[in-house]
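Colleague: So that we are looking at the same thing, I have put the structure below in structure tokens.
The values are calculated or read from the model by the stated rules, or taken from the named source; none is laboratory data. Computed from a predicted structure; not experimentally measured. We place every Cβ from the backbone using ideal geometry, glycine too, and count neighbours over all the protein chains shown.
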Amino acid sequence: MNFTLNRRAFAWASGAALSLLVVAGCAAVRPTPNSPPAGFSALFNGRDLQGFRGGDTYDHRKLMALSEADRAAQVAKWTKTMTEVSTKTGKPHWYGENGELVNDGFGAYATTEKDYGDFELLVEYKTVPLADSGIYLRGVPQVQIWDHNEADPQNLGRAKGSGGLWNNSPGAPGKDPSVLADRPFGEWNQFRILMTGARVSVWLNGKQVVDHALLENYYDRKTPIPARGPIQLQTHGGEIRWRNVFIREIGTLEANKILAAHGEDTGYKSVFNGRDFTGWAGPVDNYEVVNGAIQCRPSKGGTIYTTAEYGDFKARVEFKLPPGGNNGLAIRYPGQGDTAYDGMCELQVLDDNYEKATNSKIDPRQAHGSAYGMVAAARGYQRPIGEWNFEEVTVKGSQIKVELNGTLILDTDLSKVTEYMANSKHPGKDRTSGHFGFAGHNDPVAFRNIRIEGL
């Protein structure tokens, strides 16, 4: 979905109308340089490196895993290189000049001291021929900046222009920009970058060049990118100037609406009317409708399910957990038995802090988003207790994907599973169709905005 054209998608967004004006022409809506639009804050103050530290192409998780002393020493080492004076120019590698943040192509990357989750980032840059730079998102490379006129004997994709998520795998969505939008050298270029979870959309000079693509983890492609991390302005051997670097942090409600809006017109249909259990079967008396959401009654449970059956499908649902909350998504459920074993699987819905909340241990294959007892999902991507999470599940053949709040936490083929938790086999895992539902386990876990698209 093109967010620059879809007014409905931005009707609810904070500062939305102004954001659209920014895309059309940044300079027109800012009376002075480095004066952020409403709702945004300036990362660069127009004068110096306040708010920035040094950084490199370095896994942010590994940096945070260092001892406090070792981490401080590493950051200090990087930061020192930013103010070292170039023997060629007689100026520091990074410096402020006339409201611009200038880098000569050397020194560590300008890295925000603060880490960010979901955000909207506005950046202007101007660079030189043969340039090669980029913007790291949560410390992960990168939104590409380079010279599309330069010869490209290695077929790296220079001719396609800037703005792509260049470190994504070959052929992956977003790796290459969809259109060439770079301006001639000597002119300022304008980025608008929207990030929800690992989903990234990029506009360059008012043209959308990346549409809601997953940013892959350059450091470990089997692991999702961090939930939070710094913004980094890369140095890469050629002068680049930055100005009007503004950021707006995106809250839960807006992030969920962005995620829900993308692809909503492809065939999703609501399977819950928000009032009663029309279209549902199973022990519905063990559940109740509270403020438009299905909620398991305290100390009750059992699997309720849609009367309709599905083969291959996508499901979208918002859920909210109490502390230690436990439930599950029933996938291809036969209408009887335990969905974790008799159905294709139960995709666990569980408080990410379950161990702390209940003072008990779990197997990794019991964590949220996991194919219960078979394949573990990545952890650490839930919203705080009491907030609504957005989850999208794709079931195609024996393949299951779970995307939580915009981050892919499970991508597995159940036909290849041969090891099971407690050596308990799952006879239903090869089912090709069945019902969709919720496997309650006594906790008041709530579900709303339940939509399914047959594939």
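Colleague: Which ones in the stretch 192-223 are of a type in the set (Phe, Trp, Tyr) and over 17 Å from Val140 (Cα atoms)? Working first, answer last.
Modeller: Step one: list which residues in the stretch 192-223 are of a type in the set (Phe, Trp, Tyr), which gives 203, 218-219.
Matches in the stretch 192-223: Trp203 only.
Colleague: Here's another thing I want to ask about it. Which members of the stretch 305-327 meet the condition of being within 16 Å of Gly428 (Cα to Cα) and touching a Leu at 6+ places or on another chain (Cβ under 6 Å)?
Modeller: Step one: of the stretch 305-327, the residues within 16 Å of Gly428 (Cα to Cα) are 309-312.
Hit for the stretch 305-327 is Asp312, nothing else.
Colleague: Would you pick out the residues in the stretch 110-126 that are over 18 Å from the mean Cα position of the chain (by Cα), under 24 Å from Tyr58 (Cα atoms) and in a strand (DSSP E or B)?
Modeller: Hits for the stretch 110-126 are Ala110, Thr111, Thr112, Val123, Tyr125.
Colleague: OK, next. With the requirement that a residue be in contact with a Phe, Trp or Tyr (Cβ under 8 Å, 6 or more places away or on another chain) and either among the hydrophobic types (A, V, I, L, M, F, W, C) or without any contact (Cβ under 8 Å) to a residue 60 or more places away in the chain (or both), what does the stretch 82-93 give you? Lay out the reasoning, then the answer.
Modeller: Here is the first cut: in the stretch 82-93, the residues in contact with a Phe, Trp or Tyr (Cβ under 8 Å, 6 or more places away or on another chain) are 82-83, 86, 93.
Residues satisfying the conditions are Met82, Thr83, Ser86.
Yes/no matrix, rows are residues, columns are (1) outside any strand (DSSP E or B); (2) of a type outside the set (Asp, Glu); (3) free of Cβ contacts under 8 Å to residues at least 12 places away in the same chain; (4) outside the structural domain of His212 (by TED's automatic domain parsing):
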{"position": "Thr394", "(1), (2), (3), (4)": "no, yes, no, yes"}
{"position": "Val402", "(1), (2), (3), (4)": "no, yes, no, yes"}
{"position": "Leu410", "(1), (2), (3), (4)": "no, yes, no, yes"}
{"position": "Thr418", "(1), (2), (3), (4)": "yes, yes, yes, yes"}
{"position": "Pro427", "(1), (2), (3), (4)": "yes, yes, no, yes"}
{"position": "Arg431", "(1), (2), (3), (4)": "yes, yes, no, yes"}
{"position": "Phe438", "(1), (2), (3), (4)": "no, yes, no, yes"}
{"position": "Pro444", "(1), (2), (3), (4)": "yes, yes, no, yes"}
{"position": "Ile450", "(1), (2), (3), (4)": "no, yes, no, yes"}
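Colleague: OK, next. I need the full set of residues from the stretch 218-254 which are part of a loop (DSSP other than H, G, I, E, B), modelled with pLDDT of 95 or more and either among the hydrophobic types (A, V, I, L, M, F, W, C) or touching an Asp or Glu at 6+ places or on another chain (Cβ under 7 Å) (or both), in order please.
Modeller: Residues satisfying the conditions are Tyr219, Ile225, Ala227, Arg228, Pro230, Ile231, Ile250.
Colleague: Can you tell me which residue is nearest to Phe119 (Cα to Cα) among those in the stretch 181-197 that are part of a loop (DSSP other than H, G, I, E, B) and in contact (Cβ under 8 Å) with a residue 60 or more places away in the chain? If you could, list the steps in order and put the result at the bottom.
Modeller: Step one: filter the stretch 181-197 for residues part of a loop (DSSP other than H, G, I, E, B), giving 181-188, 197.
If we keep only those that are in contact (Cβ under 8 Å) with a residue 60 or more places away in the chain too, we end up with 186-188, 197.
On the way: Gly186: 29, Glu187: 26, Trp188: 23, Gly197: 9 Å.
So the residue we want is Gly197.
Colleague: If you check Thr303 against the conditions, is it within 24 Å of Ala371 (Cα to Cα) and among the polar types (S, T, N, Q)? Before the answer, list the steps.
Modeller: On the way: within 24 Å of Ala371 (Cα to Cα): yes; among the polar types (S, T, N, Q): yes.
Spelling it out, Thr303 is indeed within 24 Å of Ala371 (Cα to Cα) and among the polar types (S, T, N, Q).
Colleague: Of the residues Ile294, Ile304, which single one is hydrophobic (A, V, I, L, M, F, W, C), at pLDDT 95 or above and closer than 20 Å to Leu404 by Cβ?
Modeller: Working: Ile304 fails: closer than 20 Å to Leu404 by Cβ.
Exactly one residue qualifies, and that residue is Ile294.
Colleague: Suppose we filter Gly380, Gly335, Gly328 for residues that are in a loop (DSSP other than H, G, I, E, B), in contact (Cβ under 8 Å) with a residue 60 or more places away in the chain and closer than 24 Å to Lys269 by Cβ; which single one remains? Show your work before the answer.
Modeller: Numbers: Gly380 fails: closer than 24 Å to Lys269 by Cβ; Gly328 fails: in a loop (DSSP other than H, G, I, E, B).
Only one candidate passes the filter, namely Gly335.
Colleague: Same structure, new question: Listed residues Val317, Val289; which is farther than 28 Å from Ser398 by Cα, assigned by TED's automatic domain parsing to the domain that holds Pro444 and assigned to a strand (DSSP E or B)?
Modeller: Working: Val317 fails: farther than 28 Å from Ser398 by Cα.
Exactly one residue qualifies, and that residue is Val289.
Colleague: Quick check on Trp94: is it over 28 Å from Glu216 (Cβ atoms), assigned by TED's automatic domain parsing to the domain that holds Arg221, touching a Gly at 6+ places or on another chain (Cβ under 9 Å) and among the hydrophobic types (A, V, I, L, M, F, W, C)?
Modeller: Working: over 28 Å from Glu216 (Cβ atoms): yes; assigned by TED's automatic domain parsing to the domain that holds Arg221: yes; touching a Gly at 6+ places or on another chain (Cβ under 9 Å): yes; among the hydrophobic types (A, V, I, L, M, F, W, C): yes.
Yes.
Colleague: Follow-up question, since we're still on this one. Would the stretch 198-217 turn up any residue that is touching a helix residue (DSSP H, G or I) at 6+ places or on another chain (Cβ under 6 Å) and either among the hydrophobic types (A, V, I, L, M, F, W, C) or in a strand (DSSP E or B) (or both)? Step through it out loud before you land on a result.
Modeller: Taking the stretch 198-217 first, the residues touching a helix residue (DSSP H, G or I) at 6+ places or on another chain (Cβ under 6 Å) are 203, 206.
Filter once more, keeping what is either among the hydrophobic types (A, V, I, L, M, F, W, C) or in a strand (DSSP E or B) (or both): 203.
Checked the stretch 198-217: at least one residue is touching a helix residue (DSSP H, G or I) at 6+ places or on another chain (Cβ under 6 Å) and either among the hydrophobic types (A, V, I, L, M, F, W, C) or in a strand (DSSP E or B) (or both).
Colleague: Restricting attention to the stretch 290-309, report how many residues are surrounded by fewer than 15 Cβ atoms within 10 Å (Cβ to Cβ) and over 9 Å from His435 (Cα atoms).
Modeller: Residues flagged as surrounded by fewer than 15 Cβ atoms within 10 Å (Cβ to Cβ) and over 9 Å from His435 (Cα atoms) within the stretch 290-309 amount to 5.
Colleague: Which residue, of Glu120, Glu68, Glu100, is surrounded by fewer than 19 Cβ atoms within 10 Å (Cβ to Cβ) and acidic (Asp, Glu)?
Modeller: Values: Glu120 fails: surrounded by fewer than 19 Cβ atoms within 10 Å (Cβ to Cβ); Glu100 fails: surrounded by fewer than 19 Cβ atoms within 10 Å (Cβ to Cβ).
Matching residue, one of Glu120, Glu68, Glu100: Glu68.
Colleague: Looking at Gly263, is it surrounded by 15 or more Cβ atoms within 10 Å (Cβ to Cβ) and modelled with pLDDT under 95?
Modeller: Values: surrounded by 15 or more Cβ atoms within 10 Å (Cβ to Cβ): yes; modelled with pLDDT under 95: yes.
Yes.
Colleague: Would you point out the residue of the stretch 156-204, among those that are charged (D, E, K, R) and loosely packed, with under 15 Cβ neighbours inside 10 Å, that is nearest to Glu124 (Cα to Cα)? It would help to see each step written out before you state the result.
Modeller: Step one: of the stretch 156-204, the residues charged (D, E, K, R) are 158, 160, 175-176, 182-183, 187, 192, 199.
Okay, now just the ones that are also loosely packed, with under 15 Cβ neighbours inside 10 Å, so 183, 187.
Values: Arg183: 12, Glu187: 10 Å.
So the residue we want is Glu187.
Colleague: To continue, here is another question. Test each condition in (1) surrounded by fewer than 16 Cβ atoms within 10 Å (Cβ to Cβ); (2) within 30 Å of Arg53 (Cα to Cα); (3) among the basic types (Lys, Arg) for Arg275 and report the one that comes out false.
Modeller: (2)
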